[in-house]
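Worksheet for the structure shown next.
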Amino acid sequence: MGASREGKQGQVVHLDVRRKIATLDVPGMPHLGSGITWMYKGRRVMATPNLKEGVVSVIDLRDWKVVAAIPTNGPGFFLRSHEATPFAWADAMNSPARDTLQVIDKRSLRVVKALTPAPGRTAAHVEFDRRGKYALVSVWETDGALVVYDAATLEEVKRIPASKPVGKYNVWDKI
């Protein structure tokens, strides 16, 4: 899947046959590299945030149709989840609502909670521990923090002061 900065749609290119096989009806500028996948109603879907519009697009990977366009507080950069949690976490770091994360229920495709770890500060780049028990949130400021949330209850567990924390990648979530 790919999208251009100027385009109104994305494209699906089949790499084995080396040609476009579908057009994605996604607005603005989807950040496909930050997308996540999961099983939804027996089908694999992919969700992607949007760098220009306040929406998370959910795409059926079998027919390449948009299943849902979930409104968010504003344009975001990161969307993260883990197979052990029913939730996806979206930021709005490209908007005035950059301090608030929205938690989306992957079963209903609806925002179920908004979390503001530090009012007025950028909240972004959620990552999970290996087992998906904890969500790690960056308060992306020089006087920021790494905020640990329980991924099931969505309650804050711990806050660790840090200067602009962002690169907390979990190798177990990438393989």
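The values are calculated or read from the model by the stated rules, or taken from the named source; none is laboratory data. Since this is a predicted model, take the numbers as computed values, not measurements. Positions of Cβ are generated from backbone atoms using ideal geometry, with glycine treated the same way; all protein chains shown enter the neighbour counts. Quick note on the areas: whole protein, heavy atoms, side chains included, nothing else; ligands and nucleic acids left out. Shrake-Rupley method; radii C 1.70, N 1.55, O 1.52, S 1.80 Å.
Considering lysine pairs in the range 1-98 that are 8 or more places apart or on different chains, how many have Cα atoms under 21 Å apart?
Qualifying lysine pairs in the range 1-98: 6.
Carbon and sulfur together cover what percent of the accessible area of the range 64-142 at a 1.4 Å probe radius?
Numbers: 1740 of 3410 Å².
About 51 percent, which is the carbon plus sulfur part of the accessible surface.
Show which lysines lie in cross-link reach of LYS113 when reach means a straight Cα distance below 20 angstrom and same-chain residues fewer than eight apart are skipped.
Within reach: LYS133, LYS158.
State the volume of the convex hull built on the alpha-carbon positions of the range 119-172, expressed per residue in Å³ and rounded to an integer.
Given the Cα convex hull of the range 119-172, per-residue volume reads 67 Å³.
In the range 54-113, what is the volume of the convex hull around the alpha carbon atoms, normalised per residue and reported in Å³?
Convex hull volume per residue, Cα atoms: 82 Å³.
Largest first, please: the extent of the C-alpha atoms of the range 35-175 along each principal axis, to the nearest Å.
In descending order, the Cα extents are 45, 32, 24 Å.
Would you mind calculating the relative contact order of the range 34-103 from Cα pairs under 8 angstrom and at least 6 residues apart, reporting the percent as a whole number?
Relative CO of the range 34-103 lands at 25 percent.
For the peptides 154-165, 70-81, what is the packing order when you average, over each peptide's residues, the other Cβ atoms within 10 Å and list the highest mean first?
Per-residue Cβ counts within 10 Å, averaged per peptide and sorted highest first, yield 70-81, 154-165.
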